[in-house]
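Here's the structure we're looking at; comments come further down.
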Amino acid sequence: MSLAAPEETSLEAAFVCNKSESVLSVIEKCLDNGLGSCLVVGDDHRLIGRISLDDIRRALADGTAIVDPTLGWHPAGNMISANPLRNDVDHQEILRPVVDASGHLTGVLIDRSTRPVQVAMPHMTSDDFRSMLDAFISGWISSKGPYVNKFEEDFSRFVGVRHGVAVSNGTVALHLALVALGIGPGDEVIVPDLTFAATINAVLYCGATPVIVDVDRRTWCMSRETVKRACTARTKAIIPVHLYGRPAEIGPITEFARGRGIAVVEDCAEAHGARYRGKAVGQFGDVSCFSFYANKIVTTGEGGMCVTDSAELATSLRVLRDHGMSPDRSYWHERVGFNYRITNLQAAIGQSQIWRVNEVLQRNARIAALYREALKGIPDVRFPPELPDEYRPVVWMTCVQVPAEKRLPLMRAAHEAKIETRPFFHPLSALPPYGKYARACPNSIELSATGVNLPTSHSVDEQVVERVARVFHDVFA
């Protein structure tokens with residue numbers, strides 16, 4: 001199997017800046033092209049060098065103004081110098097120039113053949129930058145400001161529910177939801193064995209008892225039957241997790257719960273945009289929780305949101321988020337609350353990113369399809385099971401399963417090739433803090449031991465997929 005040649009692209013404005021362009025303009029180009037760098041040319045279009053976001057960061061720290069030209073003196077006497085292109089380092093750069101005999105730039109090459117590849121990374125664009133800059137300039141940099149309201153309104157509209165309550169991260173969203181629903185000591189809350197620890201931690205924060213159930217081999221999530229078997233007279237809530245973008249059997253779970261007066265808190269941290277029976281995940285729970293961590297489909301760096309159709313629950317969530325203070329009486333605390341607020345700066349980024357959700361989901365689906373094609377000849381590699389028509393999963397990170405004894409050699413080989421991979425979560429039952437709640441969950445154990453996340457982000461193209469595939473073919477040869 002041979003690696004793809006560097007991709008030659010036409011001379012687009014996204015990759016090239018003139019020496020007289022402002023620092024601000026170059027920042028936006030470096031963000032939008034996803035490479036973090038641009039080639040610099042003079043007025044005659046002769047190549048001068050390369051400039052990166054790291055170069056700009058150093059220059060700004062030294063006093064360069066954001067409106068200064070890329071290559072020009074400013075009052076402080078400093079200058080951003082485009083890095084000269086040297087033969088000994090060119091092969092390490094993603095963005096490489098194509099020049100004619102006179103040194104004029106005629107095209108660029110995108111070459112990812114040697115650069116490290118992360119399993120996930122945020123793609124921050126000039127739109128995100130401008131939104132954040134607007135929030136910064138406005139002076140509303142804490143938990144009050146117009147972007148918080150806009151973000152809540154736009155994201156709840158995206159999910160298809162009436163109310164959104166933005167918070168500082170996805171973990172506190174789960175905690176806040178449980179507290180608003182009155183979960184406390186003596187109550188049992190059903191959680192899946194295969195999930196990130198935040199799910200069970202939120203239950204323990206409330207003083208409630210987590211009841212661990214196994215996941216279904218096909219959906220990778222809890223099912224109605226596992227919930228039914230675990231349910232007791234003390235069960236007060238269920239937290240279905242839509243793991244790795246795959247919806248749980250959320251319709252039947254919700255129907256079962258509501259028939260018994262049990263609350264449902266959806267954990268949608270990894271499944272923005274997934275659907276079940278035509279409805280978006282997040283529409284089923286009494287409260288549903290999302291994460292906006294840096295590796296998520298929508299990111300604010302750190303952040304989260306509770307969404308609900310209940311005006312009463314939304315009011316309670318807002319009061320609890322802000323120290324339990326009354327919305328109508330200044331500094332009057334109605335109950336013990338928390339400082340779980342998001343900032344206007346974070347919300348500005350999130351509100352900008354919402355408009356690209358479908359673009360991100362389509363990109364991730366294309367990447368997963370490339371992996372399927374590149375790895376289809378390896379019998380020991382399994383992709384997630386196909387789901388019935390009522391399920392509409394999304395790709396958060398591309399997932400595969402390999403024989404347990406091959407996973408560590410595979411991940412080591414990938415690391416040597418400068419490719420980051422990630423194992424699936426450990427079962428909660430296997431982790432020391434949760435030993436007293438452990439249950440026999442064979443499906444979770446098998447998935448955890450065999451699952452691998454592959455790089456899935458804006459930095460992954462056909463060349464990266466072929467690099468990953470080469471590692472697989474070498475290990476499984």
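The values are calculated or read from the model by the stated rules, or taken from the named source; none is laboratory data. Only a predicted model underlies this, so the values are computations on that prediction, with no experimental measurement involved. Here Cβ is always computed from backbone atoms with ideal geometry, including for glycine, and neighbour counts include all displayed protein chains.
For region 218-249, taking the residues that are in a loop (DSSP other than H, G, I, E, B) and touching a Cys at 6+ places or on another chain (Cβ under 8 Å), the one that is nearest to GLY261 (Cα to Cα) is identified as PRO240. Residues satisfying the criterion are absent from region 418-432 (criterion: among the acidic types (Asp, Glu), surrounded by fewer than 16 Cβ atoms within 10 Å (Cβ to Cβ) and either under 23 Å from ARG115 (Cα atoms) or without any contact (Cβ under 8 Å) to a residue 40 or more places away in the chain (or both)).
Inspection of region 280-300 finds a residue satisfying the criterion of being farther than 16 Å from VAL165 by Cβ and surrounded by fewer than 16 Cβ atoms within 10 Å (Cβ to Cβ). Taking region 323-338 as the range and being crowded, with 18+ Cβ neighbours inside 10 Å and in contact (Cβ under 8 Å) with a residue 40 or more places away in the chain as the test, no residue passes. The requirement of being modelled with pLDDT of 95 or more, at negative phi and in a strand (DSSP E or B) is not satisfied by VAL215. The set of residues in region 339-362 being surrounded by fewer than 17 Cβ atoms within 10 Å (Cβ to Cβ) and closer than 26 Å to VAL468 by Cα consists of VAL357, ASN358, GLU359, GLN362. Of all the residues in region 302-322, those that are surrounded by fewer than 18 Cβ atoms within 10 Å (Cβ to Cβ) and small (Gly, Ala, Ser) number 2. Only helices (runs of 4 or more DSSP H) whose full extent lies in region 94-212 are considered here, and the ones with at least 2 residues that are among the β-branched types (Val, Ile, Thr) are 146-159, 170-180, 198-205.
Screening region 256-372 for strands (runs of 3 or more DSSP E) wholly inside it with 2 or more residues that are closer than 22 Å to THR125 by Cβ and in contact with a helix residue (DSSP H, G or I) (Cβ under 8 Å, 6 or more places away or on another chain) returns the ranges 287-291, 304-308.
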